[in-house]
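A short worksheet on the structure shown next.
The values are calculated or read from the model by the stated rules, or taken from the named source; none is laboratory data. Because the structure is a prediction, the values reported are computed rather than measured. Neighbour counts are summed over all protein chains in view; Cβ atoms, including those assigned to glycine, are modelled from backbone coordinates with ideal geometry.
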Amino acid sequence: MDGEDVSLDDCARLSKPMGEAIETSQLIDGPYVLEISSPGVSEELLTDKDFKTFRGFPVEVISTNKQNSEIREIGLLKERSKDHVHLNIKGKINRIPRDNVLRVLLTTQ
């Protein structure tokens, strides 16, 4: 792959030759289930596409302040602009300077 997303068609194209190779090899004696899937969603948001796709989802933003202390904030992702990550925390929009952001992670909270 070239770094692009893995599609359902990609999984289907791999499934048949893999299944045939397993059957031909006779490595597995009993019944089995072959599952071909994409690696799924990365926990960390990195690209503009990630930030657009997961707008409105709960995220944890890990950033630093002027004293270089680590700050962790959890809220709903509003957007990432040129200069800020906008986080909705209980209805209040918090703008975190992008230069201070270390990581943005999907969360279940």
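A few notes on this one:
- Thr64 at pLDDT 90 or above and over 18 Å from the mean Cα position of the chain (by Cα): yes
A quick yes/no check of all residues on (1) more than 16 Å from the chain's Cα centre (by Cα); (2) at pLDDT below 90; (3) surrounded by fewer than 14 Cβ atoms within 10 Å (Cβ to Cβ):
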residue	(1), (2), (3)
Val41	no, yes, yes
Leu46	no, no, yes
Ser81	yes, no, yes
Leu87	yes, no, no
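- Just one of (1) free of Cβ contacts under 8 Å to residues at least 12 places away in the same chain; (2) closer than 16 Å to Thr107 by Cβ fails for Val61. It is (1).
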